[in-house]
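First the structure, in the form of structure tokens, and then the observations on it.
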Amino acid sequence: MAEIQPAGSNRVGDRLRRAIESDIWFSFTRSPVTMLSAAVTAIAFLAALFAPWIAPHDPFDLASIDLLDASLPPAWMTDGDPRFLLGTDDQGRDVFSTIMFGARISLVVGFASVLFSLVLGVGLGLVSGYAGGRLDAFIMRVADVQLSFPAILIALLIDGVARSVLPRDHHDELAFYVLVFAIGVSGWVQYARTVRGSTLVEKNKEYVQAARVIGIRRSTILLRHILPNVTGPVLVIATIHLAVAIITEATLSFLGVGVPPTTPSLGTLIRVGNDFLFSGDWWITIFPGLALVVLVLAVNLLGDWLRDALNPKLR
Amino acid sequence: MPAFLLRRFLQSIVVMLTVALIAFGLFRYVGDPINNLVGQDTTLEERDELRERLGLNDAFIVQFGRFVRDVSIGEFGFSYQHRRPVRELVAERLPATLELSLVSALLALLVGAPMGVYTALRRRGFVSRGFMTLSLIGISLPTFLIGILLILFFGVILRWLPTFGRGEVVALGWWTTGFLTASGLKSLVMPSITLALFQMTLIMRLIRAEMLEVLRTDFIKFAHARGLPARSVHFRHALKNTMVPVITITGLQLGSIIAFAIITESVFQWPGMGLLFIQAIGEVDIPVMAAYLVLIAFFFVAINLVVDVLYFVVDPRLRADKATANGQ
Amino acid sequence: MAHLEIRNLRVEFPSRRGRVVAVDDVSLAVEPGDILGVVGESGAGKSTVGNAVIGLLEPPGEMSAGEVHLAGRRIDNLPDSEKRKLRGKRIGMIFQDPLTSLNPLQTIERQLVETIDLHLSTGEAAARRRAVDLLRQVGIPEPGLRVKQYPHQFSGGMRQRVVIALAVCAEPDVIIADEPTTALDVSIQAQILDLMRTLCRERDVAMLIITHDMGVIADITDRVAVMYRGRLVEQGATERILGSPDHAYTRSLVAAVPRPDVKLIRFPLVTYIEDANETPRNIDISRHWLGEARDFGGAAGGPLVSLDSLHMRFVTRRSVFRRNRAYLDAVKDVSFDIGEGEVFGLVGESGSGKSTVARMICGLHVPVAGAIRFAGTDLTALRREADLDPFRRQMQMIFQDPFSSLNPRMRVLDIVAEPIRFHRLAGSRREVERIVSDLLEQVGLGAHAANRYPHEFSGGQRQRISIARALATRPRFLICDEPTSSLDVSIQAQVLNLLKDLQELLGLTMLFISHDLPVIRQMCDRVGVMLAGRLCEVKETEALFENPEHDYTRHLLGLMPRLTGLSRQGLELADRR
């Protein structure tokens, strides 16, 4: 019995070893596409996070903007200016920098909405699945009704209603919160349904019954026993939902009901640039669009891989 | 059998009433209806009188009842923005949206479904992997961006296709159609592809996932073990069993095409209901918003009912008399 | 000439940690009209043999050596299209679970007609007539009517008959049945085995039955092949193998099968298997935490547990209207007592309500009517959680499924410590950890198990963890709900021995629930027999087995596998009372 050791020691090391030996890590290292998309996602996150410090220009500093630089094409084209890699917009702002700042807004809105949906959905799903009965029936009916309408429409409606209820002067300040709320509310159903489904399965498993026989209280069973066992699918949904939330935000901003033009997200940039498409200044709208697609695609690829990795029978 | 459908029908009515309640809440309490009807110089007395005459002082339930009655005969009041009956506006815009949605739905279904089946059966094939990669790009491309890219290539650079509007339309009674003129058909190409692409990839991925799920079941294994040819196992046994979930999902997707039309219409300046709605949101034109909400809900509920009927046709377990379900 | 002959079969599964050999050097032969059983415990590779014969190995498995001959012709190297034509036509297959083996969206007729027409080219009309005929032959009443129905309208046993009809519809020469009765109740199981035997004899079919169940082997097979870890250890006539096995593994396997005919003191152990060492470092109970506080007081002399007219009903269909609701009365008017230190058995088929009784006692279900008295206190009268806690500490439960009864996200330490922490049975963290180590030692796992997670253990080891968790409240009353029915026989013997030892050591009172009569005979002092929610007979165990009174008890005892020819070497017989 040489390996007897005080229980509880070396937990971190243990976890790390388990992680590296796990099949998930193995499948990660075996998939170049996944590693590439992880890298792209990481770069996008870092670029967005540190935009104020690493962006070549500050598009919101009016002093540094010169209207004479307006509508310059990308640097490699004939009229390009090496200072502006991807060209400038109609007001002389560096497109590359606005993309970095725009991605920052897109990601913040995306993460905040996912977090909102996740907390709401997982909470309701757990309660619904464990309590059952009328409460469950009610929550699931609401979910059914909401699910029969596309998320984008729900978000649009919430956004529209919020706009008509809130005072007009505060629209721009509140736009961010309204947007997060709208996208967040439109996305909770998926989490709730999945978590409810898993909870129904888990609560009938014998380890939960064993806990009940011991006398453990409901709330403790939910949080300590059931919650950790339903997180796998939630992680997958959250990843894919992040991509959807970023697209939804971009779409709403594109439709003019998202974040205000003073703090443009990628969607706003595309909307603004769209007006110059016909005059030939394609770079103002295409590059932000490209950035959006690459970001969303990378996140989607990660989500896809994660789903397969957590569900080995699919391979 | 009728019990199941009757229950679903009652549920649909409850959904419609709930949506009507939201629409009514918008209509009645968001923004003062009186302010939107009268000018600045109307006196308080005149306002009160108008309020009384319009029944705005009645009990909530009476007002709501009246609203439901009006809505059910298509009466949505006046648009604040356009100063015209909402009913007229909608009737003008409805054909454009329905024609666009119909073409897109057919496109999405007829291309997406076979691709889904194919990728499930030839899971490791080269073409399947290609489709899967394309589909991932498909769901990563926001609808509006697809529209913009199409406009850039086929409208601005190549100048092959018109970039906005419906082209020439022919009036058939109150319905206007773009199917009968060359310019109408040409105008339809880019918007319908834009609208269909996202749904197409979704339908393909969902059918593939369901099909793979069914292919793993015991009865498929047993069918193979009885020596049934692969074609029969795949199409007669597997495909039909994927139908139940696929019908649900496809139904939902077709519904969402009408909703996603908002984006496409706004990119292509397509004179449909979605464009009307997005403008209404911008202008806080409540009656139009309420009307759109109710109408869209009606489409969704109708599609869901059709889906339920289809379930019934496909799955004998729903048809079964419960008493014999576990009998010996 | 043998219908089916397998020569030196080897099947490998490539995996990221190298190639796993599932079957190695297996040679078998089955004659027409003969039933060969392939027996082995889980992971022995017996199902893989069946799948390899019909060419339907689960990917990425592959046959890397050996030959399969059907009536003298080699078939394993045929192209896929040729192999497919043999399936169903020459080789029929029957799978374990009848509930999932049939296409739910097609009538029985369509599934039969499709297969018949494909293989016999009879045309639609003739195929239909034959379908009805077949259903009659496999014993389905009113075949003309039933053939038009869908699978969900048949019960489990009837569906397995349909599956058999599908397997024999094209008059195959060979039938491979993979655990054909495992998912069925004992009475249905006997009928299906009868049917299979009749079909085999009448049609002169060579039958290969793959099973883990010695009862099935003894009941139906002519010859038996024993597999262990992918290899064939022994084969021969069934009587000879069961009566006087040669190989050490077969010997210990046969010895570990619970005996229906005599009562033993302990189960013989399968010494051949690794990790079967059963040498727990037993702790001195009189000076240990586990032995403390065993003086519970309460009603001395009376029964510890007393059930009085217990009734339980489940709602099977909800409705707003009372008359549309449907109920299932799972337990009706059940009363019995369990004395202090007694092991009381509850036996019955699935759906008889035996588990529901256990669940009501430990508070997982609330009875509709009746009283549950524990040491004199009526538990059904206690409504507040806190009032129930002292009783929960005194009664614990061990569940059936070792794979779902432990939370996969918790370490063994936390699993076993949870009851100690909840009921505050130990002072410091250090003490809790020491107690957990001791408990793990006591159940034969070793203290080092504490830092690992449940998935790192086998089924039998997990069941030991469950037992350690149940002991961690220092219980007085232990409920065991089919504690070994999902374990292999060799592991079952170890776990049952452990339970016996603990019961004696701690003087536990036990409620032992099982559908397996031989296990009940070995474990219990008194037995109650349940049928459709009612208790039909309660008796001393030996008396019940020797002269049952109730018709149903006699029926159940009649269904017990006739394992009379089992070797008796090395058994310690218990004294007859």
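The values are calculated or read from the model by the stated rules, or taken from the named source; none is laboratory data. Bear in mind that the values here come from a model prediction, so they are computed numbers and not experimental data. Don't worry about glycine lacking a Cβ; one is built from the backbone with ideal geometry, like all the others, and counts go over all protein chains shown. These area figures cover heavy atoms from the full protein model, side chains too; ligands, DNA and RNA do not enter into them. Shrake-Rupley method; radii C 1.70, N 1.55, O 1.52, S 1.80 Å.
At-a-glance table
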{"read-out": "Helical segments meeting 24 Å axial Cα length and Kyte-Doolittle 1.6 threshold in chain B (DSSP H)", "value": "B:286-314"}
{"read-out": "Mean ellipticity per residue at 222 nm, deg cm²/dmol - from DSSP H runs of n ≥ 4 across chain B, formula -39500 (n - 2.57)", "value": "-23500 deg cm²/dmol"}
{"read-out": "Residue-by-residue Karplus 3J(HN,Hα) for segment A:78-89, coefficients 6.51, -1.76, 1.60, Hz, glycine and proline x", "value": "4, 8, x, 10, x, 5, 10, 3, 9, x, 10, 8"}
{"read-out": "Buried on assembly, segment C:101-117 (at least 40 Å² less accessible surface than by itself, 1.4 Å probe)", "value": "C:Ser101, C:Asn103, C:Pro104, C:Leu105, C:Glu114"}
{"read-out": "Charge dipole of the protein assembly as shown about the Cα centre (unit charges at C-beta), most positive-ward option of B:Gly74, C:Pro475, C:Leu105", "value": "C:Leu105"}
{"read-out": "Counted charge near C:Glu385, where neighbours are those whose Cβ lies closer than 10 Å (Asp, Glu -1; Lys, Arg +1)", "value": "+3"}
{"read-out": "Chain A: calculated mean residue ellipticity at 222 nm from DSSP helix runs of at least 4, using -39500 (n - 2.57)", "value": "-22500 deg cm²/dmol"}
{"read-out": "Protein accessible surface hidden between A and C, which excludes ligands and nucleic acids, total in Å², probe 1.4 Å", "value": "3000 Å²"}
{"read-out": "Accessible carbon and sulfur surface of segment C:14-96 relative to its total accessible area, %, 1.4 Å", "value": "47 percent"}
{"read-out": "Degrees, to the nearest 10: A:283-310 long Cα axis against longest axis of chain A", "value": "10 degrees"}
{"read-out": "Charged-residue dipole, Cβ positions (Lys, Arg, Asp, Glu), chain B about Cα centre, Debye nearest 20", "value": "2260 debye"}
{"read-out": "Radius of gyration and Dmax over the Cα atoms of segment A:48-310, both given in Å", "value": "22.4, 78"}
{"read-out": "Total accessible area lost when A and B pair, probe 1.4 Å, Å² to nearest 100", "value": "3500 Å²"}
{"read-out": "Hits among lysines - C-alpha to C-alpha of C:Lys539 under 23 Å, sequence gap 8 or more where chains match", "value": "C:Lys263, C:Lys332, C:Lys354, C:Lys500"}
{"read-out": "Between segment A:158-196 and segment B:51-77, the alpha-carbon center distance in angstrom", "value": "29 Å"}
{"read-out": "Chain C: DSSP helices with Cα axial extent of at least 15 Å and average Kyte-Doolittle hydropathy no lower than -0.5", "value": "C:108-120, C:156-168, C:186-203, C:412-422, C:459-471, C:489-506"}
{"read-out": "Rounded accessible area per residue of the protein assembly as shown, 1.4 Å, Å²", "value": "43 Å²"}
{"read-out": "Farthest toward positive dipole pole in the protein assembly as shown [+1 Lys/Arg, -1 Asp/Glu at C-beta], among C:Gln191, A:Leu118, C:Gly376", "value": "C:Gln191"}
{"read-out": "Gyration tensor over alpha-carbon atoms, the protein assembly as shown, equivalent ellipsoid semi-axes in Å", "value": "62, 37, 33"}
{"read-out": "Number of partner chain Cβ atoms within 10 Å, mean per residue of C:469-479", "value": "1"}
{"read-out": "Interface burial for C against B (accessible surface, 1.4 Å probe, total of both chains, Å², rounded to 100)", "value": "2700 Å²"}
{"read-out": "Shape of chain B, Cα gyration tensor, a/c cut at 1.5", "value": "oblate"}
{"read-out": "Percent accessible area from carbon and sulfur atoms, segment C:385-483, protein chains only, probe 1.4 Å", "value": "45 percent"}
{"read-out": "Accessible carbon and sulfur surface of segment A:48-310 relative to its total accessible area, %, 1.4 Å", "value": "66 percent"}
{"read-out": "Dipole of segment B:219-328 [Lys/Arg +1, Asp/Glu -1 at C-beta], most positive-end residue of B:Val314, B:Gln279, B:Ile303", "value": "B:Val314"}
{"read-out": "Occluded residues from segment A:163-178, i.e. those whose accessible area drops by 50 Å² or more once the chain is not alone (1.4 Å probe)", "value": "A:Ser164"}
{"read-out": "Net charge, A:Ala151 excluded, C-beta distance under 15 Å - Lys, Arg +1, Asp, Glu -1", "value": "-2"}
{"read-out": "About the Cα centre, charge dipole magnitude for chain C (Lys/Arg +1, Asp/Glu -1 at Cβ), debye", "value": "1560 debye"}
{"read-out": "Helix-only CD estimate at 222 nm, as mean residue ellipticity for chain C, using -39500 (n - 2.57) per DSSP H run (n ≥ 4)", "value": "-10000 deg cm²/dmol"}
{"read-out": "Distance cut-off 22 Å, percentage of C-alpha pairs in segment B:152-302 lying past it", "value": "59 percent"}
{"read-out": "Only Lys, Arg (+1) and Asp, Glu (-1) charged, at Cβ; segment A:48-310 dipole about Cα centre in debye", "value": "1980 debye"}
{"read-out": "Average partner coverage of A:251-257, which counts Cβ from other chains inside 10 Å", "value": "5"}
{"read-out": "Occluded residues from segment A:265-284, i.e. those whose accessible area drops by 50 Å² or more once the chain is not alone (1.4 Å probe)", "value": "A:Leu277, A:Phe278"}
{"read-out": "Ordering of C:447-459, C:58-70 by burial proxy (mean other Cβ atoms within 10 Å per residue, highest first)", "value": "C:447-459, C:58-70"}
{"read-out": "Peptide-level mean, for B:151-157, of C-beta atoms on other protein chains within 10 Å", "value": "3"}
{"read-out": "The protein assembly as shown - share of DSSP beta bridges that are antiparallel (%, nearest 5)", "value": "60 percent"}
